[in-house]
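The values are calculated or read from the model by the stated rules, or taken from the named source; none is laboratory data. Keep in mind the model is a prediction, meaning the values are calculated, not measured. Counting neighbours? That spans all protein chains shown, and the Cβs are built from the backbone with ideal geometry, glycine included. Accessible surface areas use protein heavy atoms only, side chains included; no ligands, DNA or RNA. Shrake-Rupley method; radii C 1.70, N 1.55, O 1.52, S 1.80 Å.
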Amino acid sequence: MLKQDFEEGEGALPQDGQQVTFDYTAYNESGSRIDSTHTKGRPAQTRLGINGLIPGFEKGIRSMKVGGKRRLVVSPALGPPVGPSTFFSAKQCEVFDVELLGVKSCRRRQVAMFSDVVCE
């Protein structure tokens, strides 16, 4: 995986269990855009450490600070699942332009016999 920082950002690095909010644009190796939060009109969110992201993408976002902007070039070994039902190729690198917008700490909340995760 390769990374190039455009802006470093400020604060602590996100940790397992925390929720990260980010904007991204994904490109294939030929430079064609394949996905973007900008076209969806809202940033993406997930918690780190739950396998909710492409492995190389999560590795790259873990070393970012809020406000940071970075380009990630993810090799197929750290890339997304591949196959006929996806638009990813096992032979191409994927490129992501990422901006980390926020990090929230999360906790498990128990209410009677139900539980959920609250991030604040």
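Numbers for the structure displayed
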| item | result |
| --- | --- |
| Residue satisfying all of: in region 104-119; part of a strand (DSSP E or B) and either under 30 Å from Gly31 (Cβ atoms) or open to solvent by 70 Å² or more (accessible area, probe 1.4 Å) (or both); modelled with the lowest pLDDT among these | Val111 |
| Top-ranked residue of region 16-67 - restricted to ones that are free of Cβ contacts under 8 Å to residues at least 12 places away in the same chain, farther than 17 Å from Met1 by Cα and within 11 Å of the chain's Cα centre (by Cα), ranked as least open to solvent (accessible area, probe 1.4 Å) | Gly52 |
| Complete set of residues in region 87-103 that are open to solvent by 50 Å² or more (accessible area, probe 1.4 Å), modelled with pLDDT under 90 and either polar (S, T, N, Q) or within 16 Å of the chain's Cα centre (by Cα) (or both) | Gln92 |
| Strands (runs of 3 or more DSSP E) within region 1-71 that include 2 or more residues touching a helix residue (DSSP H, G or I) at 6+ places or on another chain (Cβ under 8 Å), modelled with pLDDT of 95 or more and within 19 Å of Cys106 (Cβ to Cβ) | 19-28 |
